[in-house]
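Have a look at the structure below before the remarks.
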Amino acid sequence: MFFDRFQALCEAKGISVYRACTDIGLNRSAVAKWKAGGKPNGTTAAKLAAYLGVTTDYLLTGQEEPRPSVSDDDIKFALFGGDREITDAMYEEVKQFAAFVRQREAEKKE
């Protein structure tokens with residue numbers, strides 16, 4: 001049921017369901033509709049999913065869509081535009097920087 005998943009996601013984030021609604025600009029009365037079995041419309045679901053850090057599919061159905069596989073070549077093309085040769089050393093440096101940024105963001109949350 002949508003509401004149970006929504007409530008669990010809010011609890012994991014440490015907020016009430018009412019707070020989540022007001023934070024994205026919804027009236028708190030939406031909670032009563034969802035408790036009774038309703039679901040949010042597409043725009044509202046997208047806002048809630050973004051706020052809670054999940055996909056709309058997960059929020060509404062509890063299931064994730066399979067993510068497409070991405071090869072290293074795809075990533076290199078996206079990062080460097082595919083207009084020149086990318087060495088393994090260059091790619092490793094980019095991956096190390098990405099790991100540094102992830103770590104920095106995790107430390108900010110603590």
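The values are calculated or read from the model by the stated rules, or taken from the named source; none is laboratory data. The shown structure was predicted, so the numbers you read here are calculated from the model rather than taken from an experiment. Surface areas here come from the heavy atoms of the whole protein model, side chains and all, with no ligands, DNA or RNA. Shrake-Rupley method; radii C 1.70, N 1.55, O 1.52, S 1.80 Å.
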In degrees, nearest 10, the alpha-carbon axis of helix 42-52 is tilted away from the dominant principal axis of the alpha carbons of the chain by 70 degrees
Could you work out the helix-only [θ] at 222 nm for the chain, with each DSSP H run of four or more residues adding -39,500 (n - 2.57) and the total divided by the number of residues, to the nearest 500 deg cm²/dmol?
-> -20000 deg cm²/dmol
Sequence-distant or interchain residues sharing an amide H contact under 5 Å with Ile15, placed H: which?
-> none
Send over a whole-number figure in Å² for the accessible area per residue of the chain, probe 1.4 Å.
-> 72 Å²
Within straight cross-link reach of Lys76, meaning Cα distance under 25 Å, which lysines are found once same-chain residues fewer than 8 apart are removed?
-> Lys95
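Please arrange Glu105, Glu93 by accessible surface area, largest first, computed with a 1.4 Å probe and ligands excluded. Walk me through the numbers before you get to the answer.
On the way: Glu105 75, Glu93 125 Å².
Most to least solvent-accessible, the answer reads Glu93, Glu105.
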Could you give the semi-axes, largest first, of the ellipsoid that matches the chain, computed as the square roots of 5 times the alpha carbon gyration tensor eigenvalues and rounded to whole Å?
-> 38, 17, 11
Of the accessible area of the chain, computed with a 1.4 Å probe and all protein chains kept, carbon and sulfur make up a percent value of 51 percent
